[in-house]
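> Sending over a structure as structure tokens; questions will come in a sec.
Rule-based calculations on the coordinates, nothing more; no lab input. All figures in this text were calculated on a predicted structure; none of them were measured in a lab. Here the Cβ is made from the backbone with ideal geometry for all residues, glycine too, and neighbour counts use every protein chain on show.
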Amino acid sequence: MMALRQLVIGIDLGGTKINTALVDRAGNILAHDFRETLTFQGPDAVIARMVDAAHQVMALASVASDQVAAVGVCAPGPLDLDAGLVLSPPNLPGWDRVPLRQHIAEALGMPALLEIDANAAALGENRFGAGQGTAHMIYVTASTGIGGGLILDGTLYHGASGLAGEIGHQTILPQGPVCGCGNRGCLEAVASGTAIARRARESVARGVPTLIAELSAGDPDRISAKLVAKAASEGDEEADMIISQAMDYLGIGIANLVNLFNPELIVIGGGLTNLGERLFGPVRRAIDRNAFPSAAQAVHVVAAELGDDVGALGAAALAMEPPG
């Protein structure tokens, strides 16, 4: 049997899924629960599902609650980390100043900690994934959107109001497309999966000869970054140009981070990493071209390692952090 209080629970709350894991201090997942969020049922029902998932992973591992030191929860922002509140995330409709940390702690009878999902992912990769052993690491998630987290001097950095690490909202093109945040030309607006799909739809609408139109069977709603990548892999010039430009922008954004923070490691996760060297090559070249030489030489760029469990493991890592 595990030594007393050597276990934690990590819960990754998303708009579509709840991923819960019972984790030991080495980052090994001892039990796992994966279920739908069912946000339409409202916050109370979702929180009850989270609590049930926590009980389920303990039951699967034959562990009593007094063997679990704490539970970490990560959720989409915005959050009030000091108060433990969820503040109306777009993909958690009806969640307005919900005291999630308090509800979880009271229901499970153990300390609970709350963190923004991208920050938790950064912590997870740093403690258990590609960033182990590094003190100066930046995690970038490149997927439908672009986000990330900062590990500075070995500690997750939040900034003055908890918003540090909004990597996707640095301005790359001041007169560029409107971002979901309302600004123009954010990195997310020009380099995310959503941006790639938007550019592809625009090309098809203009009548540009492209395999994208054929692969989508004329339905704009079927055009995704994955479909554009498929067209590019089959030699389509327009698709290749769209992806290349997006990855060049991503590289510029990451080179900016290298100049700002002088990290030793950039860890990139998210669905766009399936592009492989079509992503990592432009990012490394942009760093070499745009970052200060000594900063460019000091940093390595690698793929994330934790996959779909990055949130749950990051939340678990949060629960292991010393207080204060």
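> Please label the shape of the stretch 16-135 as rounded, prolate or oblate, based on the square roots a ≥ b ≥ c of the eigenvalues of the alpha-carbon gyration tensor (a/c under 1.5 means rounded; beyond that, a/b larger than b/c means prolate, else oblate).
Taking the square roots of the gyration eigenvalues as a ≥ b ≥ c, the stretch 16-135 is oblate.
> Give me Thr155, Thr39 sorted ascending by neighbouring Cβ count inside 10 Å, so fewest comes first.
Thr155, Thr39
> Ranking request for peptides 49-55, 270-276: highest mean number of other beta-carbon atoms within 10 Å first, then the rest in descending order.
49-55, 270-276
> What is the antiparallel percent of DSSP beta bridges lying wholly in the stretch 130-304, to the nearest 5?
The antiparallel proportion sits near 55 percent.
> By per-residue mean of other Cβ atoms within 10 Å, what is the highest-first order of 156-164, 69-77?
The packing order, highest mean first, is 69-77, 156-164.
> Placing +1 on the Cβ of each Lys and Arg and -1 on the Cβ of each Asp and Glu in the stretch 130-304, which of Cys179, Ser294, Gly148 has its Cα farthest towards the positive end of the resulting dipole?
Cys179
> Could you list Ser224, Ser192 in order of exposure, starting from the residue whose Cβ has the fewest other Cβ atoms within 10 Å?
Fewest-to-most Cβ neighbours within 10 Å comes out as Ser224, Ser192.
> Nearest 0.05, what FRET efficiency do Asp24 and Gln297 give at R0 = 51 Å with Cβ-Cβ as r?
With a Förster radius of 51 Å, E is 0.85.
> Taking a ≥ b ≥ c as the square roots of the Cα gyration tensor eigenvalues, with a/c under 1.5 meaning rounded and otherwise prolate when a/b beats b/c, else oblate, which class fits the stretch 130-304?
prolate
> Further question: For the stretch 270-286, in order, what is each residue's ³J(HN,Hα) by Karplus, 6.51 cos²θ - 1.76 cosθ + 1.60 with θ = phi - 60°, in whole Hz (x at glycine and Pro)?
Per-residue couplings from phi come out as x, x, 5, 5, 5, 6, x, 5, 5, 9, 5, x, x, 5, 5, 5, 5 Hz.
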